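> Sharing a structure with you now.
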Amino acid sequence: VSTQSTGVAIHEAMEQQTISITKAGVKAVLNARTSILAAANPIGGRYDRSKSLQQNIQLSAPIMSRFDLFFVLVDECNEVTDYAIARRIVDLHSRQEESVEREYTLEEIRRYIAFAKKFKPKITRESQEYMVEEYKKLRQRDANAMSKASWRITVRQLESLIRLSEAMAKMVCDEKVTVAHVKEAFRLLSKSIIRVETPDINLDEDQNTTQDADADMETEEGENLRITFEEYKKVSNMLILHMREFEEKSREGAGEGALKKQELVDWYLQHIEDDIGGEQEMIAKKLVTEKVLERLVKVDNVLLEIDGGDEEDPWLVVHPNYIIE
């Protein structure tokens, strides 16, 4: 929660790039020309989805607009997620160092960051045009009466897009900011500035649309198959956790780690069969599960299709870098 004093301190650091310190009668003004990573707890200790991000943390709009990205961590009671977190913590305490899998050492990461900082990427003409187009989309979305973003879209968001695009280029040690870098920066920005009270998921939406369009699903006429975001996360987390457990067992037994799409659908329907009231509901649940799997593959890129399977019933594996939310 932001108080008036913390708000003044953050504002000074971000606008004046200085920090004033008064101690033992001595007042000093220090330079603060650095990146700022801030954290805040919501009012009452629990995030209220019915309110905006600004109302939950009591930060003024001018201060919020100075941050490039916002990410909200909502602690919800979810059987699948709680099980995964609890198992991870227990493994960490029981196996200690063995439980932490590190691809790179701390020294290697430091050397990589120091090397990447030396690059000063230049924005290409194509990237400039793409930035302008994406900024126009953000402005049009903000002007829409149905939009409920946490704050207004201004030129500061364009500056954020430029900084993030340059950072993406530095991360891959590229001397030019390409359109691909701008696309990823725009995706991060879009995911950050949308409202947290996520709209319903349209499972009939064109699977080839970009991920930033998913977050802006406001109104589409017609009888589309929709489920709430909470239901979507519940189904997807159950499927992903089952696939992860199957992969672990397969590694121990030197077997295949992939599952077919239809096998996943059948497993989920068996898992919830006690909650299904009849044949019509069974058919509806089956359709929803198939649509969720399609979205996880084609939109969210959480699941990967591997060669050797049928087009209608492909082999699926979980993306190795995906972490269950």
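> Taking only the alpha-carbon atoms of region 276-320, what semi-axes of the equivalent ellipsoid follow from 5 times the gyration tensor eigenvalues under a square root, in whole Å, largest first?
24, 12, 8
> Now for a separate question. For Asp266 paired with Arg139, estimate the spin-label separation in nm (one decimal), with each label point 7 Å from Cα along the Cα-to-Cβ line.
Calculated label separation equals 5.5 nm.
> Starting from the residue with the highest accessible area, list Glu126, Glu279 in decreasing order, probe 1.4 Å.
Result of the area sort, largest leading: Glu279, Glu126.
> Give me the extension gain from Met282 to Ile43: residue separation times 0.36 nm, minus the current Cα-Cα distance, reported in nm with one decimal.
Contour length minus Cα-Cα distance gives 81.9 nm.
> Considering all projection directions equally, how large on average is the shadow of the alpha-carbon convex hull of region 235-297, in square nanometres?
Averaged projected area of region 235-297's Cα convex hull equals 4.4 nm².
> Same structure again: For the ranges 81-92, 261-272, 180-191, 104-115, what's the packing order if you count other beta-carbon atoms within 10 Å of each residue, average per peptide, and put the highest first?
Peptide ranking by packing, descending: 180-191, 261-272, 81-92, 104-115.
> Under 18 Å from the Cα of Lys191, which lysines turn up, not counting those fewer than eight places away in the same chain?
Result set, ordered by chain and number: Lys51, Lys136, Lys137, Lys148, Lys183, Lys233, Lys298.
> Here's a follow-up. Given 10 Å bins starting at zero, what is the percent of C-alpha pairs of region 14-59 in each, up to the one with the largest pair distance?
Bins of 10 Å from zero give 22, 29, 29, 19, 2 percent of pairs.
> For Arg163, Arg102, give me the order by solvent-accessible area with a 1.4 Å probe, most accessible first, ignoring ligands, DNA and RNA.
Arg102, Arg163
> Can you give me the distance in nm between label points at Thr105 and Asp75, each placed 7 Å from the Cα along the Cα-to-Cβ direction?
Going by the 7 Å Cα→Cβ label model, 3.6 nm.
> Given 37 °C and 0.692 mPa s, compute D for region 53-140 with the Stokes-Einstein relation, Rh being the Kirkwood radius over Cα pairs; round to the nearest whole µm²/s.
175 µm²/s
The values are calculated or read from the model by the stated rules, or taken from the named source; none is laboratory data. Note that the coordinates shown come from a computational prediction; the quantities given were computed from them, not determined experimentally. As a convention, Cβ positions derive from the backbone with ideal geometry for all residues, glycine included, and neighbour counts pool all protein chains shown. Heads up: the accessible areas ignore ligands, DNA and RNA and are worked out on the full protein's heavy atoms, side chains in. Shrake-Rupley method; radii C 1.70, N 1.55, O 1.52, S 1.80 Å.
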